[in-house]
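Here is the structure we will look at, set down as structure tokens.
The values are calculated or read from the model by the stated rules, or taken from the named source; none is laboratory data. Treat the numbers as computed from the prediction; the structure is a model and nothing was measured. Positions of Cβ are generated from backbone atoms using ideal geometry, with glycine treated the same way; all protein chains shown enter the neighbour counts.
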Amino acid sequence: MTVLRVEPLTTARALRGPFDYRQPAAMAALEVGSVVRVPFGPRKLLGVVVELAETSELAPERLAEPIEALEAGAPAELVRLGLWVAREYCSTPSRGLQLVLPPGTGTGGRTVRSKVELRAAILPAGEQALEGGGRLGAKQRAVLEALRAGEMSSAELATAVGADRQTLRRLEQRGLVATHNSRLRRAPAGSSLAAPANRPDLLREQRDAVDAIVAALDGRWADKSSEARLIGPSAGAAAPRLLLHGVTGSGKTEVYLAAVEAALERGRGAIVLVPEIGLAPQAVARFRARLGDRFAVLHSALSAGERYDEWRRLRSGEASVCVGPRSAVFAPVRDLGLIVVDEEHDPSYKQEGDPCYDARTVARRRAEDCGAVLVAGTATPRPESWLELPRLELPRRVDGLRMPPVKLVDMRDADPRGGPLHADTWAALEGVRLAGAKAIVMINRRGFAPWLTCRSCGHHWDCPNCDVSLIVHRHSGRLVCHHCAHVEPQPRACPDCASTTLSRAGAGTERIEALLKERLDPMPVFRLDSDTAAERGAHARILAGFGEAPSGVLVGTQMVAKGHDFPEVTLAAILDADATLRFPDFRAEERTFAMVAQLAGRSGRGEAGGEVIVQTLAPGAASIAHAARHDAAGFLAGELERRRLLRYPPYSHLVRIGLAAEAEPRLETVAREIAAELRERLPAGSDLLGPAPMFRVRNRHRRRLLIKAAERERTVAAVREVVERRAADRSLREISIGVDVDPQ
Ligand code: ADP
Ligand code: ZN
Ligand code: ZN
């Protein structure tokens with residue numbers, strides 16, 4: 001007897017398998033990763049086979065059998081990975097497995113399946129019937145005539161000659177045609193962006209980088225010859241992981257493409273992770289153009305059917321390269337040889353909901369498990385990667401252009417009545433207008449103004465559900481909370497004193513857009529932020545508009561710094577470069593450095609050269625000063641030293657526990673209890689900070705515990721134990737508990 005160990009797919013944290021079932025003879029093909037519908041008490045649940053066993057602790061007659069097996073399941077390698085994610089990020093097996101199953105295998109709703117069509121072909125007897133004047137109805141004759149030109153689907157026959165299935169079936173019964181079911185591919189639409197499919201001759205640095213990756217693919221990893229090319233930490237004997245450090249435009253994507261092709265030549269598959277697919281249309285189009293049928297793409301903007309079919313193509317080996325955002329790290333690529341993480345510094349690699357996995361960490365685990373090479377590439381590496389990974393450098397731009405000079409503008413000296421743009425910034429924008437060139441202006445806040453106050457009595461508009469200011473959105477005439485869904489109409493008068501002189505202080509993208517339109521008229525201004533890009537396709541449309549305009553300004557949030565390449569841009573300006581520095585977060589410096597450096601990389605990509613202006617209240621901050629000199633190495637050296645002194649990652653591991661509830665006293669008590677319990681269990685070398693109050697969101701008070709740990713595994717185990725016990729406690733149902741391992 002074969003016993004199936006099945007993990008139920010359920011949202012209940014307390015219901016934990018695996019549970020044993022008997023394998024029915026009719027389902028002999030079941031294996032680890034198969035998805036089955038099983039009886040569970042009075043209910044029926046979907047579950048995943050996580051293990052096959054010969055015996056069960058239950059007597060054979062007490063074991064139930066699965067009711068049915070679904071069409072597709074996950075490979076065993078991914079079942080291991082999903083369960084690992086569940087453990088590593090304090091989640092449940094069900095949530096971990098959910099990540100690796102065929103798209104559309106849900107706990108609720110309809111399961112997605114392949115789409116099949118009936119196809120018909122004419123048989124010799126059919127030809128004879130046509131020629132020999134066999135007895136044929138008019139419809140039957142029409143069908144046979146049509147099929148003489150070649151096989152057709154029943155849908156095509158219906159449109160061509162108006163034949164129904166009945167006619168086909170009758171012809172088949174008479175032995176005049178043969179039919180079969182054929183799987184139909186729902187293929188994602190390609191981007192409208194044209195991408196060159198030709199291979200440029202690589203520069204020497206690019207060639208060296210590709211050679212080092214290929215040496216790693218071939219297991220010649222620790223060879224002296226390839227090690228000579230590597231800078232930084234020694235390659236060692238561990239699984240091959242590399243950092244590809246190169247400024248924007250240094251040809252990193254070409255290196256990835258060549259490495260993927262080398263993997264394919266060796267019969268192995270590859271995964272290429274990109275930050276957000278909507279922001280990387282140019283890169284995706286290049287992969288598609290170069291790889292043709294071997295290419296698959298997986299992301300959430302595809303229809304359920306498209307996603308399912310792309311997944312199946314990878315699972316079956318029909319396609320062997322998957323490009324996609326963080327979830328593509330779970331793509332069922334066969335014989336995985338290479339994982340590329342493009343723009344490895346990007347925060348979108350961290351999932352925000354449970355399980356809060358980090359695709360970069362999962363990629364590392366999967367690469368180790370599969371013996372694959374991991375390549376992380378960026379212009380602004382994370383301190384973690386700088387410390388841990390041997391690296392390959394692409395120090396110059398392919399086009400031979402120099403990085404643009406960066407000018408720091410100290411806003412502490414600026415006249416506050418002068419508005420959000422400094423006189424120097426206006427002068428530079430004027431220059432762009434006169435030259436008929438293009439500029440990008442970035443401000444990291446959307447809306448018109450972040451504060452609305454009454455000039456007479458000082459009344460201030462806050463969100464009723466969160467402890468934050470409401471943001472004025474002039475275009476929609478509303479006040480909006482950026483933390484919850486709260487929206488109210490923009491008031492005409494103060495509710496306290498009836499005064500109508502209300503002050504809208506500070507600036508967001510809408511206000512900058514208005515200012516630019518007014519002063520730079522008739523130069524067109526394009527705004528790109530999550531408000532203007534909300535509609536499907538709007539993001540690409542705005543970028544295309546800016547690209548096609550002979551001259552113009554693109555203004556927006558961080559979105560303007562990503563995934564495009566416009567050679568006519570001669571000025572990039574960032575208005576509040578230190579805004580990100582004011583977040584109480586140890587990654588604030590790293591984020592600010594990446595943001596300024598990435599924006600700087602957008603200017604001067606053409607013959608006309610370019611410049612960069614950074615407006616800031618903190619010109620002396622290490623992140624801003626180093627970004628202005630395009631000096632990643634200098635920044636990282638200082639930042640690593642700071643992290644070491646403060647014992648932050650990569651010199652420790654962080655685990656954050658967030659608690660939220662409507663009733664504050666109860667929340668405070670429970671937070672203290674959990675903190676006390678944790679302090680008892682955490683391994684030596686761990687510090688627990690908190691509970692610290694966080695500002696209220698969606699009417700829920702919040703508390704945060706932060707653990708700095710030397711030992712990751714034992715710390716996560718202790719947290720898991722404490723949190724799971726609390727989660728099972730029904731008296732705590734009104735308190736939500738979330739665990740974030742390696743918070744970003
Ligand atoms: P990155 O990914 O580092 O920003 P890309 O790979 O996108 O750089 O290269 C920037 C541009 O230079 C692209 O248009 C690319 O096609 C082109 N390019 C890259 N390598 C070469 C090369 N060796 N010769 C000519 N053009 C190249
Ligand atoms: Zn007032
Ligand atoms: Zn709110």
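Does R541 meet the test of being surrounded by fewer than 19 Cβ atoms within 10 Å (Cβ to Cβ) and within 16 Å of ligand 3 (Cβ to nearest atom)? Criteria not met by R541. Scanning the range 440-453 for residues that are farther than 16 Å from H475 by Cβ and over 28 Å from the mean Cα position of the chain (by Cα) returns W451, T453. The set of residues from the range 452-479 being farther than 10 Å from R504 by Cα and outside any loop (DSSP other than H, G, I, E, B) comprises H460, D462, S469, H473, R478, L479.
Take the range 404-454 and flag every residue that is of a type in the set (S, T, N, Q) and in contact with a strand residue (DSSP E or B) (Cβ under 6 Å, 6 or more places away or on another chain). Hits for the range 404-454 are T425, T453. Residues in the range 284-326 that are out of contact with any strand residue (DSSP E or B) (no Cβ under 9 Å at 6 or more places or on another chain), polar (S, T, N, Q) and in contact (Cβ under 8 Å) with a residue 40 or more places away in the chain: S303 only.
Specify the residue that is nearest to ligand 1 (Cβ to nearest atom); the eligible residues are those in the range 479-492 that are more than 29 Å from the chain's Cα centre (by Cα) and exposed (fewer than 13 other Cβ atoms within 10 Å of the Cβ). The extreme case among them is P489.
Quick check, is H422 touching a residue at least 40 places away in the same chain (Cβ under 8 Å) and under 18 Å from L502 (Cβ atoms)?
Considered against the rule, which asks whether it is touching a residue at least 40 places away in the same chain (Cβ under 8 Å) and under 18 Å from L502 (Cβ atoms), H422 comes out as no.
On the stretch given as the range 569-587, residues that are modelled with pLDDT of 90 or more and either farther than 26 Å from P383 by Cβ or in a helix (DSSP H, G or I) (or both) total 5. Pairing residues of the range 443-455 that are farther than 15 Å from T532 by Cα with residues that are within 16 Å of ligand 3 (Cβ to nearest atom) and part of a loop (DSSP other than H, G, I, E, B), at Cβ distances under 6 Å and at least 6 apart in sequence or on separate chains, gives L452/W461.
Tallying residues that are at pLDDT 90 or above and in a helix (DSSP H, G or I) within the range 290-299 yields 3.
When E607 is tested against (1) under 25 Å from R396 (Cβ atoms); (2) not in a loop (DSSP other than H, G, I, E, B); (3) not hydrophobic (A, V, I, L, M, F, W, C), only condition (2) is not met. Residue-level check: of (1) without any contact (Cβ under 8 Å) to a residue 24 or more places away in the chain; (2) over 28 Å from the mean Cα position of the chain (by Cα); (3) under 21 Å from R582 (Cβ atoms); (4) away from ligand 2 (no atom under 16 Å from the Cβ), D467 misses just (1).
Screening D354, D369 for residues that are surrounded by fewer than 19 Cβ atoms within 10 Å (Cβ to Cβ) and touching a Ser or Thr at 6+ places or on another chain (Cβ under 8 Å) leaves exactly one candidate, D354. For G400, the conditions (1) part of a loop (DSSP other than H, G, I, E, B); (2) over 15 Å from the mean Cα position of the chain (by Cα); (3) on the phi < 0 side of the Ramachandran plot all hold with the exception of (3).
Quick one: in the range 108-136, of everything that is of a type in the set (V, I, T) and surrounded by 14 or more Cβ atoms within 10 Å (Cβ to Cβ), which residue is nearest to A304 (Cα to Cα)?
Pass one, the range 108-136, residues of a type in the set (V, I, T): 111-112, 116, 122.
When the remaining residues are screened for being surrounded by 14 or more Cβ atoms within 10 Å (Cβ to Cβ), the result is 111-112, 122.
Numbers: T111: 10, V112: 7, I122: 34 Å.
Per the stated criteria, the residue is V112.
Quick one: would you say G431 is surrounded by fewer than 18 Cβ atoms within 10 Å (Cβ to Cβ), more than 16 Å from ligand 2 (Cβ to nearest atom) and within 20 Å of L599 (Cα to Cα)? Considered against the rule, which asks whether it is surrounded by fewer than 18 Cβ atoms within 10 Å (Cβ to Cβ), more than 16 Å from ligand 2 (Cβ to nearest atom) and within 20 Å of L599 (Cα to Cα), G431 comes out as yes.
Criterion applied to L408, L389 was being in contact with a Pro (Cβ under 8 Å, 6 or more places away or on another chain), away from ligand 2 (no atom under 16 Å from the Cβ), touching a residue at least 60 places away in the same chain (Cβ under 8 Å) and within 16 Å of Y349 (Cβ to Cβ), and the one residue passing it is L389.
For the range 512-549, the set of residues classified as under 17 Å from L421 (Cβ atoms), in contact (Cβ under 8 Å) with a residue 60 or more places away in the chain and within 30 Å of the chain's Cα centre (by Cα) consists of I512 only. The condition (being surrounded by fewer than 21 Cβ atoms within 10 Å (Cβ to Cβ), in a loop (DSSP other than H, G, I, E, B) and modelled with pLDDT of 90 or more) is satisfied by just one residue among G219, G236, G267: G267. Of the residues making up the range 588-604, those that are part of a loop (DSSP other than H, G, I, E, B) and farther than 19 Å from H539 by Cβ number 3.
Scanning the range 554-595 for residues that are among the β-branched types (V, I, T) and without any contact (Cβ under 8 Å) to a residue 40 or more places away in the chain yields one hit, T592.
Could you count how many residues in the range 462-478 are within 9 Å of ligand 3 (Cβ to nearest atom) and either closer than 18 Å to L515 by Cα or surrounded by fewer than 19 Cβ atoms within 10 Å (Cβ to Cβ) (or both)?
Selection size over the range 462-478: 5.
Among the residues of the range 544-559, those that are at pLDDT 90 or above, among the hydrophobic types (A, V, I, L, M, F, W, C) and surrounded by 19 or more Cβ atoms within 10 Å (Cβ to Cβ) comprise F546, V553, L554, V555.
Looking only at residues of the range 188-206 that are in contact with an Asp or Glu (Cβ under 9 Å, 6 or more places away or on another chain) and not in a loop (DSSP other than H, G, I, E, B), we find that the one that is modelled with the highest pLDDT is Q206. Restricting attention to the range 700-741, which residues are among the basic types (K, R), out of contact with any strand residue (DSSP E or B) (no Cβ under 8 Å at 6 or more places or on another chain) and closer than 30 Å to A485 by Cα? Once the filter is applied, which keeps residues that are among the basic types (K, R), out of contact with any strand residue (DSSP E or B) (no Cβ under 8 Å at 6 or more places or on another chain) and closer than 30 Å to A485 by Cα, the range 700-741 yields R730, R733. Of the residues making up the range 595-628, those that are among the hydrophobic types (A, V, I, L, M, F, W, C), surrounded by fewer than 24 Cβ atoms within 10 Å (Cβ to Cβ) and farther than 19 Å from H345 by Cβ are A608, L617, A618. Only residues that are surrounded by fewer than 20 Cβ atoms within 10 Å (Cβ to Cβ), within 15 Å of C497 (Cα to Cα) and in contact with a His (Cβ under 8 Å, 6 or more places away or on another chain) were counted across the range 442-461, and they come to 1.
Once the range 309-351 is narrowed to residues that are in a strand (DSSP E or B) and charged (D, E, K, R), the residue that is farthest from P281 (Cα to Cα) is K350.
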